[in-house]
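Undergrad: First, the structure itself, so that you have it in front of you.
Values quoted throughout were computed directly from the atomic coordinates according to the rules given, and no laboratory measurement underlies them. Note that the structure is predicted; figures quoted are calculated from it, not measured. Positions of Cβ are backbone-derived with ideal geometry, glycine not excepted, and every protein chain shown enters the neighbour counts.
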Amino acid sequence: MNRRVRRKGVQSKEKEKLISSNSYVEICDGSSSSERNVEVDWTSLPDDTVIQLFSYLNYRDRASLSSTCRTWRALGSSSCLWNYLDLRSHKCDATVATSLASRCTKLEKLRFRGAESANAIMNLQARGLQEISCDFCRDITDATLSIMAARHESLESLQLGPDCERISSDALRAVALCCPKLKRLRLSGVRDVDADAINAFANNCLQLSEIAFTDCLSIDEVGLGNLVSVRFLSVAGTRNMKWNLSGQHWSKLPNLIGLDVSRTDIGPSVVSRFLSSSLSLKVLCALNCPVLEEEGEPAVYNVKTKFLVAHFRDIFKEVASLGSYVMKKACNAFSDWRISNFGDKNLSEIMMWTEWILSHALLRIAECNPQGLDNFWLKQGAPLLLSLMQSSQEDVQERAATGLATFVVIDDENAAVDGGRAEAVMRDGGIRLLLDLAKCCCEGLQSEAAKAIANLSVNAKVAKAVADEGGITILADLARSMNRLVAEEAAGGLWNLSVGEEHKGAIAEAGGVRALVDLIFKWPSGGDGVLERAAGALANLAADDKCSMEVALAGGVHALVTLARWCKSEGVQEQAARALANLAAHGDSNSNNATVGQEAGALEALVQLTCSHHEGVRQEAAGALWNLSFDDRNREAIAAAGGVQALVALARTCTNASQGLQERAAGALWGLSVSETNSIAIGREGGVAPLIELARSDAEDVHETAAGALWNLAFNPGNALRIVEEGGVPALVHLCSSSASKMARFMAALALAYMFDGRMGEVGSSGPSSEGISKSAVNLDGARRMALKHIEAFVHSFSDPQSFSAAAASSAPASLAQVAEASRIQDAGHLRCSGAEIGRFVFMLRNSSSILKSCAAFALLQFTIPGGRHAMHHASLLKKTGAPRVIRSAAAAATAPIEAKIFARIVLRNLEHHNSEAAMGGAIGGGGSHSWWDARWKQTTSGGRQWWEAQLVRGAAVEEAGQVGGCHWR
């Protein structure tokens, strides 16, 4: 399963807030944490320094550090450390809240998530609580909210949302009655806000200056007109509004300074009325209002001292028009205000509210991703988000970072990222800003910044910029966080960056491999998101030979096998299987293949995963088994674990599946069929028919792999007869003559040669080879004539009459070299044959059929041609069996076809070359296993979260010289 970008999607984001943007403490200084070994005498630190240190920790770490000694326990309980508490990153139930109660007597600000925490906070006994903010409020009921309000009468700010769908006007009236000091009320997703509830606030909360009823189903417009104390009002995203009634009553509110009607169906006439009739109004935000945008920008909107925030307006210029501070550039309006603000309280309130409204509106628009906003995002949206990331309000910074992570995703279903938007963020300095946020001590900002970095890094140019700015080290450090969501997003960033070959080594050097492996052990359950990202990143890293060794040394094999065995999440299973496949894909360049096979339960788990209901899991498990079958012991252990039966069943059911699954199913059977015992078992289990069906596929990778498996199976006479009986001859003949892949044609020709070199007749005389199929129904003579005809045509396709005549006339090295080069199939050099295979081709040189003689000589040419990975190995086998004498006879035979004689002469010259190399001390064998690179998009789980991955596709199994059985990729 493949994931690339992650939208905001769900609201269970654990976001730890920082009190001031000036109080950031970097957790990373550009070097890996493993390199920082400075000795510090902690006991000598002054008390105020210790308290400062405590202030940068979440409540759990603070409590843990307090337990180190009595002095720090006393300092850790200081009331100044417990006036603000963010519980979103951690589970908070009644037990946790009760344990914190003694420290929370002076608690003023509280953030939490979900209904369980909402019920639990009553146990904090924080009677003086002034601010409450809750995310993910879907399950919070009227009863919970009413009790919360009754217990906290000093409440000045209440923020709940989104999706407060179970909260009704009854609970809102209880809040109004219990919390007379309320100044700010922000609710999102309430179904209905009636007049009685609004009038209760008007009558009881006389200091209520800010109200936000966003994304509600209905609101009483007349009731809102009675809130004379309100200075800032937002009804963004609310439906069923009676705008004429709203314009009539709200424009009369005496203190209304800011109004937000974004994402509604407000029309131009009502906007004009607000701008012209409301004497106190300064800011009207109307982003993404379709009816308004259809009308364009009439002059009536230009009202002095008031500004309209809309897509068709220059928002930075409008913001700058509010104050008298010095503005260097319009795009710096917010930053210039922050620098030039010297005590203008009224302007500060307006600007801070504007920041909050813009961050909220831009994030919601990015989530909905409406069409036609590309120009807005490039010219205004992206710069606005970057400017808001520098706000002094942490929730604004957090939403801006989330907005950046979201707006680059233009197609959630297909995981498409807009390169222009991503590069616009990079050009405007957004990478540095995000990395600075990721280095702060606020866990909420760390999480959202890491997510934005991950999504932006889908773009190769941005990924390079992230790496150049030191982002890899920062993400590796964040992956060690004890906050699960921070670690999860950091792992996602490493996953995306590990797609680039140039970044893999840097991730390993930064300690990223160890951090990713540790994540699997740290959250073995209950953290499917972090496990999937960690496994996905390890899978990408394992595609690199050096990094694959790092993964193994860090304990990655055991960690990934544990996930494959016990984790129930299909996304995690898929990535774990893919990682194991890539670890096993390096052949004899390292020992990981054998290591994976020897890990307890690994092969059994992968065999079991081939039966998964999830196609991606089946595909990656089959790919892993294909790669693992490279090792002899693994090959037999896979069969003992039921791998033959499972893979045959998979091949039967995957004819309508993806090409990737079909290729891997055929490849795994190819790998197992190297063993004669497994080959016979595959035939008996009914594996021939599905492989023939896959050989008929139009996809080159699929039919090439199936041809390889059928070639191996055809070595056994019983299987050869089964192939004939199941209608395999026409399928192989079609491949031999029509495939665009030379390798598919070559292996199909060799399979046909095995089937009709005379050995199948030994089985043919003993009775039917499979149930329900009679030999008499199969015309063996006709099948043989068809096969030989197409084998001959295949061999002739590599012979040029003119060059062959020249080679036959002179036998000059240059002439033979020209023929050899023209006949060479490059990928055939990756095939490794057993002694039995080589012996069969040598024996075929004596066959009465001139066509089979030519085919055998052509095959031996491919296996011995200098430069082939296993050419020396094959030359050694030929020498040990005395084959040169037979080959010389074939080259000199007067009755042999010219192709057979010329190919035989080339083989003899190849053997002479290899003998000379061996005499000079040349090594037999070569480098790593044959492998292919493949990059694919894949859809993932809920929330539209996706990530990009690079995948190393299957280097297949190899048998030892002399073992009876088939030939395989290596």
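Undergrad: Loop only by DSSP, 12 or fewer other Cβ within 10 Å of the Cβ. Give me the trypsin sites (Lys or Arg not before Pro) in region 122-189 that pass, ordered by residue number.
TA: The qualifying sites are R127.
Undergrad: Moving on. Whole angstrom only: what separates the Cα centroid of region 559-618 from the Cα centroid of region 236-297?
TA: So the two Cα centres are separated by 58 Å.
Undergrad: Now for a different question. Mind pulling the angle between the C-alpha long axis of helix 394-407 and the longest principal axis of the chain? Nearest 10 degrees, somewhere in 0 to 90.
TA: 40 degrees
Undergrad: Sticking with this one: Going by C-beta contacts inside 10 Å, put I507, I365, I51 in order with the fewest on the left. Kindly include the intermediate steps, with their values, before the conclusion.
TA: Working: I507 29, I365 22, I51 16.
Least crowded to most crowded, the residues run I51, I365, I507.
Undergrad: Convert each backbone phi in region 459-467 into a coupling constant with the Karplus relation 6.51 cos²θ - 1.76 cosθ + 1.60 (shift: θ = phi - 60°), then list the ³J(HN,Hα) values in order as whole Hz, x for Gly and Pro.
TA: Rounded to whole hertz, the list is 6, 4, 5, 5, 4, 5, 5, 4, 5.
Undergrad: Counting only helical runs of four or more DSSP H residues, what would the 222 nm mean residue ellipticity of the chain come to if each run contributes -39,500 (n - 2.57) and the total is spread over all its residues?
TA: Per the formula, -16000 deg cm²/dmol.
Undergrad: Here's another thing I want to ask about it. Suppose every Lys and Arg Cβ carries +1 and every Asp and Glu Cβ carries -1, with no other charges. What dipole size does the chain come out with about its Cα centre, to the nearest 20 debye?
TA: 600 debye
Undergrad: How would you rank 700-712, 113-125, highest first, on the average number of other Cβ atoms within 10 Å across their residues?
TA: Result, highest mean Cβ count within 10 Å first: 700-712, 113-125.
Undergrad: While we're here: To the nearest 10 degrees, how steep is helix 742-755 against the longest Cα principal axis of the chain, on a 0 to 90 scale?
TA: Once rounded, one gets 50 degrees.
Undergrad: For the chain, take the longest principal axis of its alpha carbons; what is the angle in degrees between that and the long axis of helix 528-542, to the nearest 10 within 0 to 90?
TA: 40 degrees
Undergrad: Could you let me know the centre-to-centre spacing of region 107-173 and region 638-661, using Cα atoms, in angstrom?
TA: Answer, in whole Å: 53.
Undergrad: For the chain, give me the percentage of DSSP beta bridges that are antiparallel, rounded to the nearest 5 percent.
TA: Beta bridges within the chain, antiparallel portion: roughly 25 percent.
Undergrad: Follow-up question, since we're still on this one. Along the three principal axes, how long is the chain when you take its alpha carbons, biggest first, rounded to the nearest angstrom?
TA: Principal extents (Cα only, largest first): 113, 69, 57 Å.
Undergrad: Restricting things to alpha carbons, tell me how big region 659-797 is in terms of Rg and Dmax, in Å.
TA: Using the Cα atoms of region 659-797, the pair Rg, Dmax is 13.7, 40 Å.
Undergrad: Sort Y84, Y754, Y59 by Cβ crowding within 10 Å, fewest neighbours at the top.
TA: Listing Y84, Y754, Y59 from fewest to most nearby Cβ atoms yields Y84, Y59, Y754.
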